[in-house]
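The values are calculated or read from the model by the stated rules, or taken from the named source; none is laboratory data. Computed from a prediction, not measured in an experiment: that's the story for all the values here. All Cβ positions, glycine included, derive from the backbone under ideal geometry; neighbour counts span all protein chains shown.
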Amino acid sequence: MTFEEIMEQIKKGLTSDKERDFSYLREQIKKYEHSEYSKAISRECSKMMYEMLPKEALEIFESTMRKNLEAVYGELQKADQLIKAKEYEKALEITAELVKKADDLPMFRDDTQTAYYSFWELFEEILYKQIYKPTKEIKRADYPFSTIYYLHGCALHGLERYEEEEKYLEAARKWNPINSKIVLQYTENLKERGKLEELFVITKDLLMYTFHKDDLARCYRNLGYYFFENEKYKEAVAAYILSLKYDNDSEDAISDLYHIRTEAGIAAEDLKDEDILAIAKEYVFIPGVSKEVLQMAYGIGNRSLENGQKVAAKYFLGIANQYLQDTEIEKKISEL
């Protein structure tokens, strides 16, 4: 039988007696523990069992979950610090345990009506709905799935285990398809495996929705890398100029521009604004932050302010102002 057929059969055995059904579902998990669908069956049955818990038991369960979640975030912080210190083996020991727990967690699994995501920021969820127009109801998983898989991928990258890294970064992207840092780490993986055309396509897509200046600068450095590797030096210079617009201290961009000037005789001063715009048009990428993203952040920020939602207003207006640097917006943020 398929997984769907097994679940349909299990559901037929349910009654309106919660105590009996709870025991019945536990028996079904045991019955199918050697099935190829054992994990999926366990998750679905556990989800139904959770919904049957009485109020008192539910409160105890949720209290335990909160404590466990605090411990998980503590472990993630340790792993992140170890990765930054390039102690990848130690970081991997932590993230491997977190991945196992995340894989086995029965809650927050998609069904026919609902899709769960692990966004890092509120604007990511808004952009996801705007860009992808999902048909299912979007719910936030109260568990850092995307961060766990992302950091596990970063640790594997540091150990040059790129094939394994790809698997976990894809899992991170499934949980948070709109997060720039996850996608940018994925592009680093593509570089290592020589998949330049895929790198080019994904980076151009990312430019449509990334909203942090440092991530935007990295996108253009990706394009510079792609053009340089394909010996399109004028195009590479244009990409690095755009990168420096959003991160003028980037040693990578400055170094690569110097290298191109030395090897190919093309300097940043040789390109005018219209040259950069022409290159962006030819290769179909956005030559700067997305206007739609800026307008959305600014509009939501002002509406939040009108509704007295001060924290949200400061967050969204801050996103817009990092690019606009408008005195009126700065005044609003200062007052908030």
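Computed values, structure above
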quantity: Condition met for SER35 (among the polar types (S, T, N, Q), closer than 20 Å to PRO144 by Cα and not assigned by TED's automatic domain parsing to the domain that holds TYR168); calculated: no
quantity: Conditions (1) surrounded by fewer than 24 Cβ atoms within 10 Å (Cβ to Cβ); (2) in contact (Cβ under 8 Å) with a residue 40 or more places away in the chain: number failed by LEU223; calculated: (1)
quantity: Total residues in region 221-238, condition assigned to a helix (DSSP H, G or I) and farther than 20 Å from GLU192 by Cβ; calculated: 5
quantity: TYR168 being surrounded by 15 or more Cβ atoms within 10 Å (Cβ to Cβ) and touching a Gly at 6+ places or on another chain (Cβ under 6 Å); calculated: yes
quantity: Answer residue from region 98-112, given it is surrounded by 12 or more Cβ atoms within 10 Å (Cβ to Cβ) and of a type in the set (Asp, Glu) and is nearest to ARG140 (Cα to Cα) among those; calculated: ASP110
quantity: Among residues of region 249-263, those that are part of a helix (DSSP H, G or I) and either surrounded by fewer than 11 Cβ atoms within 10 Å (Cβ to Cβ) or not aliphatic (A, V, I, L, M) (or both), counted; calculated: 9
quantity: Residues of region 16-34 classified as in a loop (DSSP other than H, G, I, E, B) and modelled with pLDDT of 90 or more, total; calculated: 1
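To keep it simple, each residue is scored yes or no on (1) within 27 Å of GLY318 (Cα to Cα); (2) within 17 Å of the chain's Cα centre (by Cα); (3) in the same structural domain as LEU92 (by TED's automatic domain parsing); (4) among the charged types (D, E, K, R).
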position: ASP110; (1), (2), (3), (4): no, no, yes, yes
position: ALA115; (1), (2), (3), (4): no, yes, yes, no
position: ILE126; (1), (2), (3), (4): yes, yes, yes, no
position: THR135; (1), (2), (3), (4): no, no, yes, no
position: CYS154; (1), (2), (3), (4): no, yes, yes, no
position: GLU160; (1), (2), (3), (4): no, no, yes, yes
